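Student: Right, I'll just put the structure down here and ask away after.
Derivation of every value follows stated rules applied to the coordinates shown; laboratory data play no part. Since the structure is predicted, the reported quantities are computational estimates derived from the model, not experimental observations. Note that we place each Cβ from the backbone using ideal geometry, even for glycine, and neighbour counts take in every protein chain shown.
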Amino acid sequence: MSILSLHDLTVRYRHTVAVDRVDLVVPEGQIVGLVGESGSGKSSIARAVVGLAPVSGGRIALDGRDLPRRGRRRPVQMVFQDPYSSLDPRMTVGDSIAEAIPHRLGRAARRSEVERLLHLVHLDPARAGHRPGQLSGGQRQRVALARALAGRPEVLIADEITSALDVSVQGAILNLVRDMQRELGLSMLFISHNLAVVRYVASRIAVMYQGRIVEEGPTAEVLADPRDDYTRQLLAAVPTGAGGRRPVRSAESGCD
Amino acid sequence: MKNWSRAVRTPLGLTGFGLLALTLFTAVFAPLLWGHQATSFDTDNMLAGASAQHWFGTDNLGRDIFFRVLVATRLSIALAVSATAISVAVGIVLGSAPMLLGRWLGRPIIGLVNTVVAFPGLLLVLFFAVVFGVGAQGAVLAVGFAGAPVFARLCHTLMAGVAGRDFVAAARVSGVGSGRILIRHVLPNIAEPLMVNATIGAGGVLLSFAGLSFLGLGVQSPAYDWGRMMQDGLTGIYVHPLAALAPGAAVIIAGLAFNLSGEAVARSLGVQIDVPWRAAVTPRRRRAPAAGARTGPDTDTDLVLDVRDLRVAFPHGDAEISPVRGVTFQVHRGEAVGIVGESGSGKSLTALAVADLLEFPARVDAERLTFLGADLRDGTGHRHLLGTSLAVVFQDPMTSFNPAHRVGAQLAEAARAHQRATRAQAWQRAVDRLRAVRIPDPRRRARQYPFEFSGGMRQRAMIGMGLMGTPKLIVADEPTTALDVTVQRQVLDMLQEVRAADGVAVILISHDVSVIAEVCDRVLVMYAGRVVEDLPAGELADGARHPYTRALVAAVPDMRSDIDAPLATIPGQPVDPAHVPAGCAYAARCPLADDRCRAQDPPLRTAADRSRVACWHAGEPLPILSDLAALEVDA
């Protein structure tokens, strides 16, 4: 697979700078987690890379060459946050996936490709004839994943793909993401505000704050020994979780 | 299409579509059936009044007006429909300009359209009529083009709504071109409202035509439509009024047919969810107290909330569905109780029922539902008590504040309504409460509007609003789901402080087990409208006995979970409240389920340590995780 690299990327909407001269590399076959609060510019990076947001400065490159952000062949694909909005309610699942296949295929070839993709995301190929309304949130998100894979991407961007899902489904989607990354060797930029989720899937982690990347490094290192103040603040805010065994509450109420 | 067929079944739709069918039938068949009568001259009876032979009389050549009105239907309707078609087609082309041509070219086009819309419609019609010339064809073009700007603007607005959706962005990302996106994604999704508007528009177009023909700019002799007939009849209106009134009535009937049909469909589109419910509901008292169960005086003074066998039901088709099926729990002073469960488990409905926020057609039943000793089941007498002693915090603080009023005023309103404070006192208290929830510079902030607050600040202000009274219970429904972790931390700490300072009890509803585990003393785990386990929050990780609770805990990664093992998943789907299976509702997804589980619903049993669990196999070891993961998950 390929290396996605951002050099000095700036995204500006009228008067606000959403992404401020960001350098970031998604190494070959790895998942890079991008965390930060809402409004920190995580989604703007994602949208700029796939051509949905304007690039005001800097460069986006794939294996050193400028990334094509127009035209039929798109080597970077994206999965959106809300599977209730990212699938056309009037189109069958199969049509939605088939639409994203970049090259023209015959009817039979197209059907078998759709089946292969549905199988890849652990969905029954018979679902191809269903409309999104007949599927649960988790199933829809699998369809959205299949659609992104239909473009045979070299890099996949996942923008908060589990935050609209129920907890019982979230785990299944995260497992799927990890499986796919291993099986297909995908490079991935995994955006989430949930540190526990990022910790689970990503080998590297980048922390964003107010449009800049304040810290970047291997997940275990960053989480064990955060260097930036904001990263520390973020870590302190994460609920200790059910595994925390009677967390000491008084110690935490001070950090505001 | 379902909406259209549903629209037909309303009285409005029945009238509209009935008239429309009649009109179209006449348009198709009248010229075939009565074409001869309409054109034959009865020279003995020129300009005659109504008679048995000629129901509406005759015109100046002795032709029967009744039959002429019927036969004119075809031309009148054909003109109206084709003009509408032109309006819609041109409207779609103009409206989609920004999408197809990009912002730089599209914007001036839409700007122009918006300017043209401001002109009176009739003026445009006349202008175009002069351009395209006199006659039926010219009139169709004139009326069609004059109507186009309105449809262009409508299309533009509808398209902008659809174009903002993620599925359009997704299509763009996969390299689908603008034209294809327009045809495959955008147009199908705006078709329904567009068709409704076109139908209503056709009624208006009919009128424009009548106007044009009446002015002599429309249909020319020997062809005739209703407008032409009105013009012909007008000269003799004092001696022979029916000659003008009959075609006028036809215009009204046909216009109504289009308008009412469109209106009926529009309504059924707008209230999609309400219609089947309303249709099936028989009004009955919303809070029916269970027979004979009067509440005795409370002995437990620490008891804030006592709920026994709470049920919430909604009419669904001809039957009823019960998303909450017998929930029993108590909340004591200063206690924080968490409710967890998947969406659809009934956790929010339980909270809303407790806060008396469920509206008709929801029906709330309970064997006991007391808040601070007062029975909440007997209707409206508890508004004051609930208003001052119970606070509710919702997930989205943006929608729970009125965007048009200052935050301070909204807080003050609560005090004025429930505590009869003066305006100044109420404002003072509002500022004080904002300070209490740690809003910086509360005096200035109180004068700001909700949009000037960040998400976390709004949520804290919402808690502040709850504190305007002296709450004994705060019900927080997913209060931090929409917030960032750092802000979530502030809001959770806030809740803890309030709790510690005033002994306020908290019911915290969340799908996030880790939040609940941290904040709450006790957790109720809900599944399919029932409490399946009730346990101390500290026991969640190791002491949970219900397989669902254990799965829920294992499915959520936290900062300690093993990153090399796959996450636990819960196979299958949550239970649809309309089809609750016999036996244990969780059996279909449970690795421990056996025949007994599928046949008999396990009761919620209280153990020695006051924890409760509803499972025949409570606490039995689960199969190893990897076996579970190997199941093909279709979640």
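Student: Taking the Cα atoms of the stretch A:86-151 alone, what are Rg (to one decimal) and Dmax (as a whole number) in Å?
Tutor: That works out to 10.5, 31 Å for Rg and Dmax.
Student: Here's something else I'd like to know. Give the peptides B:531-537, B:194-200, B:142-148, A:54-60 in descending order of average Cβ contacts within 10 Å, highest first.
Tutor: Working: B:531-537: 23.3, B:194-200: 20.0, B:142-148: 26.3, A:54-60: 15.6.
In decreasing order of mean packing, B:531-537, B:194-200, B:142-148, A:54-60 become B:142-148, B:531-537, B:194-200, A:54-60.
Student: Further question on the same structure: Where does each of B:Asp477, A:Asp124, B:Asp609 land when they are ranked from fewest to most other beta-carbon atoms within 10 angstrom? Don't jump to the answer; show the numbers that get you there.
Tutor: Numbers: B:Asp477 22, A:Asp124 13, B:Asp609 10.
Exposure proxy ranking, most exposed first: B:Asp609, A:Asp124, B:Asp477.
Student: Given N residues in the stretch B:146-240, what is Rg(Cα) / (2.2 N^0.38 Å)? Please list the in-between numbers first.
Tutor: Working: Rg = 21.2 Å, N = 95, 2.2 N^0.38 = 12.4 Å.
The stretch B:146-240 yields a ratio of 1.71.
Student: To continue, here is another question. Averaged across the residues of B:573-583, what count of C-beta atoms belonging to other chains lies within 10 Å of each residue's C-beta? Present the calculation step by step, with values, prior to reporting the outcome.
Tutor: Values: counts 5, 4, 0, 0, 0, 0, 0, 0, 0, 0, 0.
Shielding by partners across B:573-583 averages 1.
Student: Placing unit charges on C-beta atoms (Lys and Arg positive, Asp and Glu negative, everything else neutral), compute the dipole magnitude of the protein assembly as shown about its Cα centre in debye, rounded to 20.
Tutor: Details: 92 positive and 83 negative charges, 340 e Å.
My answer is approximately 1640 debye.
Student: Helix-only estimate, please: 222 nm mean residue ellipticity of chain B, summing -39500 (n - 2.57) across DSSP H runs of length 4 or more and dividing by its residues, to the nearest 500.
Tutor: About -16000 deg cm²/dmol.
Student: Tell me the angle of helix B:121-132 to the major Cα principal axis of chain B, expressed in degrees between 0 and 90 and rounded to the nearest ten.
Tutor: Rounded to the nearest ten degrees, it is 50.
Student: Taking the C-alpha atoms of chain B, how large are the radius of gyration and the largest Cα-Cα span, Dmax, in Å?
Tutor: Rg and Dmax of chain B, Cα atoms, are 33.8, 106 Å.
Student: Work out the mean other chain Cβ neighbour count within 10 Å for the residues of A:85-94 and drop it here as an integer.
Tutor: Values: counts 7, 7, 4, 13, 4, 8, 6, 0, 0, 0.
For this peptide, the per-residue mean of nearby foreign Cβ atoms is 5.
Student: If only Cα atoms are counted, what is the Rg of the stretch B:472-584, and what is its Dmax, in Å?
Tutor: Here Rg and the maximum Cα pair distance are 15.6, 46 Å.
Student: Could I ask something else about it? Over the residues of chain A, compute the C-alpha Rg and express it relative to 2.2 N^0.38 Å.
Tutor: Scaled against compact globular proteins, the figure is 1.04.
Student: So, by mean Cβ neighbours within 10 angstrom, what's the order for A:181-187, A:45-51, B:243-249 with the highest one leading? Display every interim value, and only then the final one.
Tutor: Details: A:181-187: 16.4, A:45-51: 23.7, B:243-249: 21.0.
The most tightly packed comes first, giving A:45-51, B:243-249, A:181-187.
Student: Then there is this: So what's the Cα pair-distance distribution over the protein assembly as shown, bin width 10 Å, in %?
Tutor: 2, 10, 16, 19, 19, 14, 9, 6, 3, 1, 0
Student: Something else now. Determine the shielding of peptide A:189-199 by partner chains: average, over its residues, the number of Cβ atoms on other chains within 10 angstrom of each Cβ.
Tutor: Numbers: counts 0, 0, 0, 0, 5, 7, 4, 8, 4, 1, 6.
For peptide A:189-199, the averaged partner shielding equals 3.
Student: Let me ask another. So, by mean Cβ neighbours within 10 angstrom, what's the order for B:357-369, B:220-232 with the highest one leading? If you can, show how the numbers build up before the last one.
Tutor: Numbers: B:357-369: 18.6, B:220-232: 20.8.
Result, highest mean Cβ count within 10 Å first: B:220-232, B:357-369.
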